[in-house]
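K.L.:
Input: one structure, supplied below.
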Amino acid sequence: MNQDNSITESPDMAFAMAEPAAQPSPESATESSSLIELVSDELVAMLPVGWNRLDAAIAMTVSDEAARVIVSDGQHAVPMPLSARAVELLRELRHSAAESEDGPWWRVLASVSRSEPARIEYDYGSDPFPEQHLFPAEAYLADLQAYPRKRVPVWLAAYMGHANRQTRTPRVAAASGASIGAFGSRVETGLPPLPLMWARWAAIAAGFVAARSPLGPRVTTALGWFEGSSRSGCTLHLLSHGRAVLSGGLWNDPRLDAAYNDHVDLPQLYRGAPDWVADPVLNPRAANGLLSFCYWWDGASWRCGESPAATELHPALPGVWTSRSAVDAITQLNVQVREDAATALVASAEAGTLTRSFTAPILGGAEADFDDAYYQLMLAGLVTPE
C-alpha cells in the first residue's frame with residue numbers, strides 16, 4: 001500500500017465522522033433505480049459492434065476516479081476507456097447513495113451484455129482496494145469532508161491517518177531505549193520460547209511446502225513469515241545473541257479501529273523496547289499503521305509494551321503454540337502425513353536432529369515437493385549431518 005506523508009503534521013485531520021444516515025426517502029430510492037438503469041444503458045451503448053460483454057471496475061472519490069473497462073466477444077478481450085457520459089452518471093449515482101446507511105460507495109463493479117440483465121455491485125472498502133484503485137490519502141479525506149460517515153474501514157482509516165506513528169527508526173529506537181530501558185515492558189508468558197517457536201514454524205513450513213501449498217508459513221535463515229487466510233499475519237526476525245522480534249497485525253483490530261475512528265491513542269507497542277527493535281525488523285504493517293502487536297525475545301523471555309495477550313494472536317500466527325498444534329497444522333493440510341509421523345517430525349525439529357533419511361518417508365511422496373520442503377528445515381538450522 002502506498003504511503004502518503006502529507007498528513008504527518010496532522011494525524012487527527014477531521015475524518016468528518018457523522019451520526020448514521022437516515023434511511024433514503026422513496027423519492028431518492030426511485031432516483032437511484034433510474035440512475036442504475038441509465039448507467040447500465042450507457043455501458044451497453046459503449047459496446048463496439050461485434051462485442052457482446054463489458055466488465056468494468058470503477059473507483060471514485062469527489063476528486064479522483066479510475067476505471068478499468070474490458071470488452072469481450074467470447075474469444076478475445078481488450079481494454080477500452082470509460083465514456084464521459086458514464087462517468088457523469090456514476091457520479092450522480094454515487095451522490096444519490098449519500099443518504100443511504102452505508103454512504104456513497106468507493107468502487108463499483110459492473111458487468112453488462114447485450115442479452116442479459118446488468119450486474120452492478122458496490123464496494124465500501126471492506127477489503128483493501130487494488131493498487132490501481134487506491135488514491136492518495138487526500139482524496140479520501142476530501143471525500144469524507146463532502147460525505148461524512150460514522151466509521152471507515154480500519155485499513156482505510158489507517159491509510160489516511162497513520163502519519164507514520166507506528167514506525168520506529170533505529171535513531172528513535174536508540175533514543176527510546178536509552179531513556180526507558182526495559183522498565184516499561186512486561187513479560188508475555190503465553191508464547192512458546194523462541195527455540196521451540198522457530199522449530200515448529202519451520203516444521204509447519206516444510207509440511208506446507210511438501211504439499212505444494214502457496215499458503216502457510218515460510219522461513220529463511222533468519223526470518224519467518226506468515227499470512228493467514230483471514231488477512232492477519234506476522235513476521236519473526238532472528239537477531240544475534242539469541243534475540244528475536246515477533247510483530248504483525250490482526251485484521252480489523254478493534255484497538256486500531258478505536259484509534260483511527262474514535263481518536264483513542266494508539267497502543268504503545270514499543271514501550272520499554274530495546275534499541276534493536278526498529279523498522280528493519282518490524283512487520284511491514286508498521287509502515288501502514290496496521291501493526292497490532294510487537295514482542296521481543298531477549299534471550300530468556302518474551303517481552304512487550306501494550307501488545308495484546310498472546311491468546312488474541314491465533315489468527316495471526318501459524319500453529320506454533322504447542323507441539324500438538326504444530327502436528328495438527330501439518331496433518332490437516334497434508335493428509336498423506338500420518339499423525340504419528342508428524343509428531344516425530346515436530347519432535348525432531350524441536351531437538352534439531354532432523355536428517356534427510358528420517359524426513360523423506362514423512363514428507364516425501366509421489367506428489368510431494370520434498371526437496372524444497374527439506375530445504376526449509378535446512379535454512380532453519382534444524383538438520384544434522386548423517
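Residue-wise test of (1) more than 24 Å from S33 (Cα to Cα); (2) not hydrophobic (A, V, I, L, M, F, W, C).
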site: Q75; (1), (2): yes, yes
site: R91; (1), (2): no, yes
site: E101; (1), (2): no, yes
site: V108; (1), (2): no, no
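K.L.:
Let me ask something additional. All but one of (1) surrounded by fewer than 18 Cβ atoms within 10 Å (Cβ to Cβ); (2) more than 22 Å from the chain's Cα centre (by Cα) hold for A203; state the number of the condition that does not hold.
P.N.:
Of everything listed in (1) surrounded by fewer than 18 Cβ atoms within 10 Å (Cβ to Cβ); (2) more than 22 Å from the chain's Cα centre (by Cα), A203 misses just condition (1).
K.L.:
Okay, moving on. For the stretch 308-329, does any single residue satisfy the condition of being hydrophobic (A, V, I, L, M, F, W, C), in a helix (DSSP H, G or I) and closer than 13 Å to A210 by Cβ?
P.N.:
Yes, the conditions are met somewhere in the stretch 308-329.
K.L.:
Those residues that are surrounded by fewer than 20 Cβ atoms within 10 Å (Cβ to Cβ) and part of a helix (DSSP H, G or I), I need them from the stretch 351-369; list them, please.
P.N.:
A351, R356, S357, F358, A360, P361
K.L.:
Another question about this same structure. Here are some residues: P128, P117. Which one is closer than 30 Å to V49 by Cβ, in the same structural domain as V39 (by TED's automatic domain parsing) and assigned to a loop (DSSP other than H, G, I, E, B)?
P.N.:
P117
K.L.:
Filter the stretch 272-297 down to the residues that are crowded, with 18+ Cβ neighbours inside 10 Å and either on the phi > 0 side of the Ramachandran plot or in a loop (DSSP other than H, G, I, E, B) (or both) and list them by number.
P.N.:
Across the stretch 272-297, the qualifying residues are G272, A273, P274, W276, V277, A278, L282, N283, G289, L290, L291, S292.
The values are calculated or read from the model by the stated rules, or taken from the named source; none is laboratory data. None of these values were measured; they are calculated from a predicted model. Virtual Cβ from ideal backbone geometry, glycine too; neighbours counted across all protein chains shown.
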